[in-house]
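Peer 1: Dropping the structure in here first, questions after.
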Amino acid sequence: MARFRELLRDRDFSLLWFGQMVSQCGDRLTQLALVAIVTGLRPGSAMELALLIVCTTAPTFCVGPFAGVFVDRWDRRRTMIVCDLVRAALVLGIAVLMMLPGTLPLVYLSVFLIFSATRFFLLAKLALVPELVTGDRLLLANSVTGASGLVAAGLSFAVGGWVIVRAGVIGGLVLDMASYLVSAAALALMHVRFRTQQQGEPVVRVAVRSVWHDLVEGIRWLVGLRHLRATILAMCLLWSAIGLLAVVGTVWVQHLLDTNPAHLGFLVSLLLAGVLVGSLLFGRIGGRWDRTQSMRWSLVGIGGTIVGLTLGLRFAPSASLVGALMAVLGLVASPAAVCTPTVIQERLPQDLRGRIFSSVTLLADGAMAVSLFIGAAFADRFGAAKVLLALGVGLCFGGLLGFRRSRMSAL
């Protein structure tokens, strides 16, 4: 606690920490407001919700690979401020569009632009932290920003849903805009400055060549990394499950329990609380266990929980049951969420981690995007319950199959 207080005495870090906390609250409020918009305009449509989520993840593919090159050449603090101001303007634009008929395509475009700006903001924040704190304080700073971000997300989902129910979607969007403006004001008070790289080739040309080279090299390494295939497959399965649950589970729960954004936000906050508690527990006691085996048990646990949630909702729908199982789902998912990046970090040389992580992230996000549309299409055709049951059984089968293959390899 003393080291934490000492870290917060650093004026620039405190402002950055406060700014990113407020900004992350705005991100989550935006997500809740957008779900309320789509489900209000197209109630019961899993495909429309899938399209919305794709608009939030597409910047990972279209913008993410290039954003890092730009961030390295720009003033990081100013980049974050501009991103906050751009997001505030776009959220205000969505509030205006909500008052006009037939503007859902423009809302989707605005969502894509908001989360494109968010990619720049996150990369600039990650690059700025080492300029503010160094040495043994850096690990503490990253722990503080990571944990506080998770807490901010949980509180935002819990409180934001209630705000949207009370103040309406427009009121929620206005609060989103205000959060981005507060974040920009906090960042503007920082003293740190970054010397931009003016010399050399134009940044766009460097970005295109660098991204293409890194992606090709990263994919080439991935093809040859046999000892990491199980880890990469587990990450893709995890993100596919997240995509399916976000679309099919949300629509089905809203239909069965007649939930509003406040209830949905509270359920998501329970899931995040389970992930937080599970991550802390696994961080303390999981070091003695085999990482790959832990990931497989986690997949089995996720699948079993989804099966239990689906059967429970099918035969005895209850908000309390959903809330309890969402917290359990977060607990059992945390080992896979912690182990997958750790295994990659441990088994790769330092100079390859960035491009491999970039390629793995593209694969995982691609798996989630595909699962969004496939799950939505199958849910509209065969029903959400059958899709969720298939997901749970598939995850259990995948985890158990991994155990069988590892035993056969050991013989």
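Peer 1: Mind ordering 389-402, 228-241, 97-110 by average Cβ neighbours within 10 Å, highest first?
Peer 2: Values: 389-402: 18.1, 228-241: 20.9, 97-110: 14.1.
Ranked from most to least packed, the peptides come out as 228-241, 389-402, 97-110.
Peer 1: What full-extension length gain, to one decimal in nm, is calculated for A188 and A377 as 0.36 nm per residue of separation minus the Cα-Cα distance?
Peer 2: Working: separation 189, 0.36 × 189 = 68.04 nm, distance 4.56 nm.
Extending this stretch completely gives an extra 63.5 nm.
Peer 1: I would also like to ask the following. Taking R0 as 41 Å, what FRET efficiency do you get between S320 and L109 from their Cβ-Cβ distance, rounded to the nearest 0.05? Write out the running numbers ahead of the final one.
Peer 2: Numbers: r = 39 Å, r/R0 = 0.96.
E between S320 and L109, to the nearest 0.05, is 0.55.
Read-outs: derived from the displayed coordinates by stated rules, not from any lab. Because the structure is predicted, anything quoted here is derived from the model rather than measured. A quick note on method: Cβ atoms are made from the backbone with ideal geometry, for glycine too, and the neighbour counts reach across all protein chains shown.
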